[in-house]
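These notes are about the structure you will find just below.
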Amino acid sequence: MEELDVEPAVISIPGLGQQHRNIGFSWGPGELLLYETHYKSKDIRRSIFNLCPFMYIVSNDEDLYSPVLRKLFNESHSIFVNLQKSEEESSSRTRKAELVQVSKNYRSVLRAGMLEMLTLKDLSKHMYHFDFFQLSILSAMELCWSLCEILFVEAATAGSLLILLLDWVRAHVSEVDNIVQDVLQSESPPQHDRFWDAITGLVLQGRMDAARQLLAKEAVASLETRSMCRALDDLMKKMPVLNSTGSQTLTEFELKWQHWQEVCARHLQEGTFASSPSMETICKVLRGDEETLLMKKDLMVTWYHFLVSQLLFTYPTVKPTELHSYAQACLNLFSASESDPEPLDSILLAAFELDIHQVIKEFSFVSNNWWFVAHLTDLLDHCQLFQTHTLYFGANMREYLLLEYASGLFSHHSLWQLGVDYLDHCPELGRVYLELLIERIPLTTEKKALKALRICEQRQMTEQVRSICKAMAMQALRNNRLGSALSWSIRAKDAAFATLISDRFLKDYCERGKFSDLDLIDNLGPAMLLSDRLTFLGKYREFHRLYNEQEFHEAARLLLSLMTARIAPGYFWFSLLLDSLPLLEQQQVRHIYVR
């Protein structure tokens, strides 16, 4: 995998900041508002800011608009939510296995994103700088996450630790596979220039079965080396390997290991492979000869591959607490200068040091989003690895990172719904953040507003419910959609706004002689009691219904009560009087008015 050496893109805004002008700025969720200011006075306290006519919004949420990363955010959201739900349901006996599976689920989502980006690259025949940066970040995420899974989630012990580290190297260093593939695709693999490099590379990764299969091709092709191939094959076949079942104790393994190493040393002393420098080199690798390992470090590409290979043949029962000293030494061997290590190297070194706080800190500097650090910290918090109570702006580290990640999601037009669930699981400040962020969501459609409203209602966020309803009511009123505006104002329980819209309905009736949105007015029910004007609107519409059904007696009683209650606006009295005239012609209702 390539090192993380991609520099972040620099955004240039033409003309901004020229002519010795000062740049003002204002932060927003995922955005930065930039503008130029002129100072009338040298004294800043007395200066007057005259803004230029142009302002610029610099967005820092490119990841949110990448289809691949949006899929990553969506799929990891369900893993996160299920993890929170399962915490109370699991027993301590099964909890570790469940957490390991959760970690693997996160990694599978990461790898799927990497494969999709590689597929898109192959289809388009080119990759933009930002796409390459994204792919590098995803690769680093998967590499670091899998190492943290071994060291912190599985908390591997001596013996099983090296088995897991070998799997980690095999999964993330593909150069050996490329060499083996080139060799096998040739007409005569033993004659290939890199035949022995392929075998040596497989040995360095502990893939003895694959190395033996490749070595067998040399035994078949050459009678002269057949006895040496048989001896080397026997060494690789009998190399002691710790099994993951734990049926073999470390003491038993170490005794077998020591005996096997003595056999390797005896072959070297007796010159068994003297006539074949390549086989002798492989035997020296098996013996753990440091000089030979250094000579073949080009086959290991990275310092952490060198670390694992060195431990495989020198100290296979290494303990987690001993890794750091070996890791630092291997990094120094691969460093070209005494300058500071690359960001990815620093992250891996911190992991080998078992300093998870430093891992989180270093990756926060490298990544341009909070996905990795937020989800990894949450997972490790479930592993009971954060017992300290260090606060970051009023929250512990887990909650602080989840808050930052969720705030970024809220800057996207659809991902904001995922952010709600993350804030729900932030006990200290999640509710406060949700109340502030949900009011910043641009309510572009009623469907989006209803989603936000349902979220607020489920969490009994009364003020936010009222705010959303008022905003939608105002938006509907501006578009002259009186029915929708009235519906939203009723839902907001805003008496003043309901009165305003009721007035619009009544004035519209005065001009046109009929009501619009009859279904809404006919089904106001108890909501008409929200304001006197709304009550009048509902009762006046009921009067029209009674009159149309020729229930003149009831219609007259209702009209008279509307007049005597004095809740009708002044401009509407003329309409009421006109409505009473045809009723006066009815004999059965005339006595109501006369009385």
From SER160, SER222, grab the single residue that is farther than 30 Å from LEU323 by Cβ and at pLDDT below 95.
-> SER222
Keeping to region 416-450, report how many residues are buried (at least 19 other Cβ atoms within 10 Å of the Cβ) and either in contact with a strand residue (DSSP E or B) (Cβ under 7 Å, 6 or more places away or on another chain) or closer than 21 Å to LYS85 by Cα (or both).
-> 9
Of all residues in region 301-353, how many are of a type outside the set (Val, Ile, Thr), buried (at least 17 other Cβ atoms within 10 Å of the Cβ) and outside any helix (DSSP H, G or I)?
-> 3
Can you list the helices (runs of 4 or more DSSP H) found entirely within region 415-531 that contain at least 1 residues being of a type in the set (Gly, Ala, Ser)?
-> 416-424, 430-438, 446-458, 462-478, 482-491, 495-512
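Are there helices (runs of 4 or more DSSP H) fully within region 196-288 with at least 3 residues that are in contact (Cβ under 8 Å) with a residue 40 or more places away in the chain? List them. Before the answer, list the steps.
Numbers: elements: 208-221, 226-237, 250-270, 277-287.
Result: 226-237, 250-270, 277-287.
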Considering only region 511-520, how many residues are of a type outside the set (Asp, Glu) and loosely packed, with under 13 Cβ neighbours inside 10 Å?
-> 3
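Only one of THR251, THR272, THR281, THR292 is of a type in the set (S, T, N, Q) and within 28 Å of GLU154 (Cα to Cα); which?
Working: THR272 fails: within 28 Å of GLU154 (Cα to Cα); THR281 fails: within 28 Å of GLU154 (Cα to Cα); THR292 fails: within 28 Å of GLU154 (Cα to Cα).
That would be THR251, the only listed residue that is of a type in the set (S, T, N, Q) and within 28 Å of GLU154 (Cα to Cα).
Tell me, please, whether a residue that is closer than 23 Å to GLN205 by Cβ and in contact with a Pro (Cβ under 8 Å, 6 or more places away or on another chain) can be found in region 267-289. Please lay out each step first, then the result.
Step one: filter region 267-289 for residues closer than 23 Å to GLN205 by Cβ, giving 267-268, 273, 276-289.
Of the ones still in play, those that are also in contact with a Pro (Cβ under 8 Å, 6 or more places away or on another chain) are none.
No, that holds for no residue.
So that you can scan it fast, the table gives a plain yes or no per residue for (1) farther than 27 Å from ASN369 by Cβ; (2) at pLDDT below 65; (3) not in a helix (DSSP H, G or I):
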| position | (1), (2), (3) |
| --- | --- |
| ARG45 | yes, yes, no |
| ASN50 | yes, yes, yes |
| LEU64 | no, yes, no |
| LEU69 | no, no, no |
| ILE79 | no, no, no |
| GLU98 | no, no, no |
| ASN105 | no, no, no |
| LEU110 | no, no, no |
| MET114 | no, no, no |
Those residues of region 416-448 which are over 14 Å from GLN458 (Cβ atoms), in contact with a helix residue (DSSP H, G or I) (Cβ under 6 Å, 6 or more places away or on another chain) and free of Cβ contacts under 8 Å to residues at least 24 places away in the same chain, in sequence order | GLY419
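Could you list, in sequence order, all residues of region 354-378 that are over 14 Å from VAL153 (Cβ atoms), in a helix (DSSP H, G or I) and either among the aromatic types (Phe, Trp, Tyr) or touching a residue at least 40 places away in the same chain (Cβ under 8 Å) (or both)? I'd like the intermediate steps shown before the answer.
Quick first cut of region 354-378, residues over 14 Å from VAL153 (Cβ atoms) only: 355, 357-358, 360-374.
Remaining after also requiring in a helix (DSSP H, G or I): 357-358, 360-366, 371-374.
Selection gives HIS357, ILE360, PHE363, PHE365, VAL366, TRP371, PHE372, ALA374.
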Given (1) under 20 Å from ALA210 (Cα atoms); (2) surrounded by fewer than 15 Cβ atoms within 10 Å (Cβ to Cβ); (3) not β-branched (Val, Ile, Thr), GLN248 misses just (1)
Filtering region 355-371 for residues that are modelled with pLDDT of 85 or more and buried (at least 17 other Cβ atoms within 10 Å of the Cβ) leaves a count of 7
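Does SER516 satisfy the condition of being among the small types (Gly, Ala, Ser), in contact with a Phe, Trp or Tyr (Cβ under 9 Å, 6 or more places away or on another chain) and in contact (Cβ under 8 Å) with a residue 24 or more places away in the chain?
Yes.
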Across (1) part of a loop (DSSP other than H, G, I, E, B); (2) touching a Ser or Thr at 6+ places or on another chain (Cβ under 9 Å); (3) modelled with pLDDT of 90 or more, PHE386 clears everything bar (3)
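The values are calculated or read from the model by the stated rules, or taken from the named source; none is laboratory data. Predicted, not measured: the structure shown is a model, and the values here were computed from it. Ideal geometry is used to build each Cβ from the backbone, glycine not excepted, and the neighbour counts take in all protein chains shown.
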